[in-house]
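The block underneath contains the structure these notes are about, expressed in structure tokens.
The values are calculated or read from the model by the stated rules, or taken from the named source; none is laboratory data. In this text the structure is predicted, and so the values were computed from the model without any measurement. Cβ placement follows ideal geometry from the backbone for every residue including glycine, while neighbour counts extend to all protein chains displayed. Each accessible area value is taken on the protein alone, full model and side chains, heavy atoms only, with ligands, DNA and RNA left out. Shrake-Rupley method; radii C 1.70, N 1.55, O 1.52, S 1.80 Å.
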Amino acid sequence: MFKVLIACVWLLVSTVGAMAHATSVVFLNPGTSTETFWVSYAQFMQAAAKDLGLDLRVRYSERDTNNTLVQAREALQGSERPDYLVLVNEQYVAPQILRMAEGSGVKLLVVNSALTADQMQLLGSRSGIQLIGSLVADDEQAGYLMLSDLLRQHGPVAPGQSLDLLAFSGSKTTPVAQLREPGMRRALAEHPEVRLRQLVYGEWSRQRAFEQATLLFKRYPQTALVWSANDQMALGAMQALQASGGMPGKDALFSAVNSSPEILQARLEGQVSSLVAGHFTVGGWAMVLINDDAKGVDIGAYGGRDRQLALFQLIDAGQARRLLGPTPSVNFRALSAQGKPTSYRYPFSLQLLLR
């Protein structure tokens, strides 16, 4: 009986010890706690963290940079510092957070919006900052794919004719918006028959895009193509066209980024003609890198520390239906580079969810 008791106590101590030493991660989420994209992004991170045995805490800034800085200060200079801090360079806030991290002992990983070349130069070589790398999607390619696909679906125009295009970008202080826009312009340069009538900044907002589009459809009644840097702005612009008596997918072709249930349904119904998605997975893949780094794996040996991944892909109706269903389980542990040859590359892709 005594031996059984000792064994139980040892098991309890071992379990508590394992829990106490779980690698801790704080994610500074730049979105709101009701924003579909950033909530689904965090949920995928949580699924990865659970599978990998990481202790993840998500802090939402509610789209307020001051909140982000306060949360960063608490994590980096407080009494209960995490092992890792994951941040987004939203509104170019990363350098301030990195300066706070100097000498903190907390390791940093930048996701979605990496530091710009100018920011890296200004930071210089600060030995007290433990930046393990960055993980971003190719946002320029997303912008290009959308417009190229819209034009493919529209088909050629007669010689001498043109197509009117409206574009809704995000925020001027969001790096991903500043990358998706050049992608759109690259596709535009390949098609001189398309006239970009106006590009506006919808600030990622459905209501703002609705108000802007209401005016723009009156100003440019021949609009045939609408390019939007996210789903909410596309939905707002579609609502404006419907309010004016038009039909999305027929009177004008729409594109969008993201995989919210509403935009996936719109893709299924043909209201959205071109949809790209995949970058909501970045946070989950970041957990794999952190878990490997915590185990002593040199993640830089498996593809570099700063990674730009071709995560965006065009979503057809079948894939939209699949993404609307139950979230497929991913074996995140199997993605680890631990024990693998240096030729191994992390197979991060939306296809892992579409199998």
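Would a scan of the range 32-46 turn up a residue that is closer than 27 Å to Met233 by Cβ, over 15 Å from the mean Cα position of the chain (by Cα) and open to solvent by less than 50 Å² (accessible area, probe 1.4 Å)?
No.
Hey, does the range 274-281 have a residue that's more than 22 Å from Ser205 (Cβ to Cβ) and touching a residue at least 12 places away in the same chain (Cβ under 8 Å)?
Checking the range 274-281: at least one residue is more than 22 Å from Ser205 (Cβ to Cβ) and touching a residue at least 12 places away in the same chain (Cβ under 8 Å).
Does any residue in the range 341-355 that is closer than 11 Å to Leu323 by Cα come within less than 8 Å, Cβ to Cβ, of a residue that is charged (D, E, K, R) six or more places away or on a different chain, and which pairs are these?
If the second residue must be charged (D, E, K, R), the pairs left are Leu354/Arg322.
State the number of residues belonging to the range 75-84 that are in a helix (DSSP H, G or I) and closer than 19 Å to Val282 by Cα.
So the answer is 0.
With respect to the numbered conditions (1) surrounded by fewer than 16 Cβ atoms within 10 Å (Cβ to Cβ); (2) in contact with a helix residue (DSSP H, G or I) (Cβ under 7 Å, 6 or more places away or on another chain); (3) basic (Lys, Arg), which one is the sole condition not fulfilled by Arg57?
Against the list (1) surrounded by fewer than 16 Cβ atoms within 10 Å (Cβ to Cβ); (2) in contact with a helix residue (DSSP H, G or I) (Cβ under 7 Å, 6 or more places away or on another chain); (3) basic (Lys, Arg), Arg57 comes up short only on (2).
Output the residues belonging to the range 158-183 that are aliphatic (A, V, I, L, M), over 16 Å from Trp204 (Cβ atoms) and in contact with a strand residue (DSSP E or B) (Cβ under 6 Å, 6 or more places away or on another chain).
Within the range 158-183, Leu163, Leu165, Leu166 qualify.
Could you check how many residues of the range 199-241 are open to solvent by 10 Å² or more (accessible area, probe 1.4 Å), among the small types (Gly, Ala, Ser) and closer than 22 Å to Pro175 by Cβ?
1
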